[in-house]
Amino acid sequence: MTGNILAIDQGTTNTKALVIDPAGRILARGSQPNAISYPQPGWVEQDAWEIWRGVLAAVTQCLAGLDRPDLAAIAISNQRETALIWERATGRPLGPCVVWQCHRSADICNAVKAAGLGPALQGRTGLQVDPMFSASKIRWLLDHIPDGPARAGNGGLCAGNVDAWLLWNLTGGRVHATDMTNASRTQLMSLADLAWDAAALDIFGIPIAILPEIRLSSFIFGETVPTGSLPGGVPIASLIGDSHASLYGLGGFRPGSIKATYGTGSSLMMPTSAPVLSGKGLSTTVAWARTPLSLRGASFAPKQSPASDEIASAHTAGLAMTADSVTYALEGNIYATGAAVQWVGELLGLADPGPEVERLARSVADTAGVYFVPALTGLGAPHWAESARGLIAGLTRGAGAGHLARASLEAIAYQVRDVFDVMQAEAGAALTALLADGGASRSDLLMQFQADMLGCPVLRSASPDVSPLGAAFLAGLAAGVWVDEAEIARLIPPCDRFEPQMPPDRRDALHEGWRKTVARALS
């Protein structure tokens, strides 16, 4: 099949839309910022309708740049773990989108851990019990909807992450589905069965009827209905979490690859051929699930208004897969990286925090001993300490704005090294390079310091659009635009290379100072 891919990348702070041709070239683009609310300390939320309107605005802007978009398929990459509930009959959201950073469901998680259920849940789902994941968010939302559990049990409500919400609206409410990457981030999917896990559902008290069907990441989910400038009848051919999409877009197809996405938070991900359960603070997840050649072109077409027993039956129906259809991954999630730089920029009164923080950081040779632990909503991997709080240490009378700015950038590299070291230990072999993408990776200062801290090269993608490219590649496989990963590998954008330059003794001394400061934040 020929034709272009419309890739929608719905992130935490920004939504992008790109049209990508069969040669991997970006023909047009659009973008729209996303508003975020912080109604209470530790609470982070967004408006579901605003997300949907932002997607339509980005798509409209993108398609306006082309006389004939010639769309073969639509691809979606999305912010993960951000959960919402809506009415099945009307599509009306019942409450906010509870963002992945939000800790309002901490009490639910603490009760699960206090009951001693954490190890069993991690063994089944691959995830530590933490408010970051969707299960406790869905439980919290149900508790704050009148008759929520009863309405969920009889099929009257739909829950999902942002991918399911976008798919629902793109198909005019005909399809309630998700892919394995997003499902694996809910703490409700069995890694062994690749289906909703009955024990996990019972622990969180979530009826299966409220959940979307789990499908492959590269799969024809359904077709669009005409919406604004978006024509009807376009196949939606991939759903995938943004971090997983970036690993695919960087060409990290095989075990031995490792990437870091530098966004609002950061994700390090390393593909594995089978689930590897970590005892060192990492998550086990599905990296992606491709459509086998025998199933390409098949689609999922559910009934318009399924009864709850039909929903439950669909969830357990399964989908034939070949041995190499599913790739797994180890992942380490860091809560605040770009968000920490933004916070420091706002604290210092900078009009444009990202570039201005880097400009300030370059005004000094080093941090003069200042460390910043950005535990603004706790610490993620490898610590998983929800109660940790942010800390600035090493201040002297000579410390200034430049030192704090530089410490905020270096904090990103230190956090990435902490996870990288654990992944290297889990891999049992030296990881020889780090693939990098995301907004904060545009900082040459950060990338060089990252290479220095790791003692190995950092390969930064020259493209700022790795996640939507990865989603587009998977959609193209399902729609027949591309045949296999060998063909896709030729379309991967080039990388900028940063080699380590810092002497090992200085690197180790700086990192030891960081470790001591983290210990104080944890206590």
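Worth a mention:
- Lone qualifier among Arg185, Arg174 - being among the basic types (Lys, Arg), in a loop (DSSP other than H, G, I, E, B) and within 19 Å of Ala245 (Cα to Cα): Arg185
- Among the candidates Gly252, Gly232, residue that is in a loop (DSSP other than H, G, I, E, B) and free of Cβ contacts under 8 Å to residues at least 12 places away in the same chain: Gly232
- So Thr13, is it touching a Pro at 6+ places or on another chain (Cβ under 7 Å) and either within 24 Å of Ala479 (Cα to Cα) or modelled with pLDDT under 95 (or both): yes
- Unmet requirement for Asp130, which otherwise passes all of (1) touching a Ser or Thr at 6+ places or on another chain (Cβ under 7 Å); (2) closer than 28 Å to Ala471 by Cβ: (1)
- Residue check, Val129 farther than 18 Å from Ala48 by Cα, touching a Leu at 6+ places or on another chain (Cβ under 7 Å) and aliphatic (A, V, I, L, M): yes
- Selection within segment 31-75 - crowded, with 17+ Cβ neighbours inside 10 Å and part of a strand (DSSP E or B): Gln32, Glu45, Gln46, Leu71, Ala72, Ala73, Ile74, Ala75
- Annotation: Cys102 fulfils all but one of (1) buried (at least 17 other Cβ atoms within 10 Å of the Cβ); (2) more than 16 Å from the chain's Cα centre (by Cα); the unmet one is (2).
- Residue within segment 280-290 that is modelled with pLDDT under 85 and either assigned by TED's automatic domain parsing to the domain that holds Ser243 or not acidic (Asp, Glu) (or both) present: yes
Conditions tested, residue by residue: (1) crowded, with 24+ Cβ neighbours inside 10 Å; (2) in a helix (DSSP H, G or I); (3) not charged (D, E, K, R).
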| residue | (1), (2), (3) |
| --- | --- |
| Gly402 | no, yes, yes |
| Ser408 | yes, yes, yes |
| Gln415 | yes, yes, yes |
| Val422 | no, yes, yes |
| Ala425 | no, yes, yes |
| Ala430 | no, no, yes |
| Ala436 | yes, no, yes |
| Ala440 | yes, yes, yes |
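- Segment 102-137, residues that are without any contact (Cβ under 8 Å) to a residue 60 or more places away in the chain and of a type in the set (Ser, Thr, Tyr): Ser105, Ser134
- Residue within segment 196-215 that is within 25 Å of Gln61 (Cβ to Cβ) and touching a Leu at 6+ places or on another chain (Cβ under 7 Å) present: no
- Of the residues Leu84, Leu6, Leu18, the single one that is under 16 Å from Pro231 (Cβ atoms), touching a helix residue (DSSP H, G or I) at 6+ places or on another chain (Cβ under 8 Å) and buried (at least 22 other Cβ atoms within 10 Å of the Cβ) is Leu6.
- Among residues that are buried (at least 20 other Cβ atoms within 10 Å of the Cβ), in contact (Cβ under 8 Å) with a residue 40 or more places away in the chain, under 30 Å from Gly222 (Cα atoms) and not polar (S, T, N, Q), Ala472 is included.
- Reported count of residues in segment 421-440, each being touching a strand residue (DSSP E or B) at 6+ places or on another chain (Cβ under 8 Å) and either within 19 Å of Arg515 (Cβ to Cβ) or of a type in the set (D, E, K, R) (or both), is 4.
- Entry remark, segment 1-33: residues being without any contact (Cβ under 8 Å) to a residue 24 or more places away in the chain and of a type outside the set (D, E, K, R) number 2 in total.
- Checked against (1) within 22 Å of Gly30 (Cα to Cα); (2) touching a residue at least 12 places away in the same chain (Cβ under 8 Å), Lys259 meets all criteria but (1).
- Hits in segment 165-175 - residues which are within 15 Å of Ile210 (Cα to Cα) and crowded, with 24+ Cβ neighbours inside 10 Å: Trp165
- Segment 465-500: number of residues that are among the hydrophobic types (A, V, I, L, M, F, W, C) and farther than 23 Å from Gly438 by Cβ: 7
- Single residue of segment 211-229 satisfying the filter (of a type in the set (A, V, I, L, M, F, W, C) and not in a strand (DSSP E or B)) that is surrounded by the most Cβ atoms within 10 Å (Cβ to Cβ): Leu216
- Scanning segment 323-374 for residues that are crowded, with 23+ Cβ neighbours inside 10 Å, among the small types (Gly, Ala, Ser) and not in a helix (DSSP H, G or I) yields Ala329, Gly332, Ala336.
The values are calculated or read from the model by the stated rules, or taken from the named source; none is laboratory data. Worth saying up front: this structure is predicted, and the values here are computed from it rather than measured. Every residue, glycine as well, gets a Cβ built from its backbone with ideal geometry; the counts of neighbours run over all protein chains shown.
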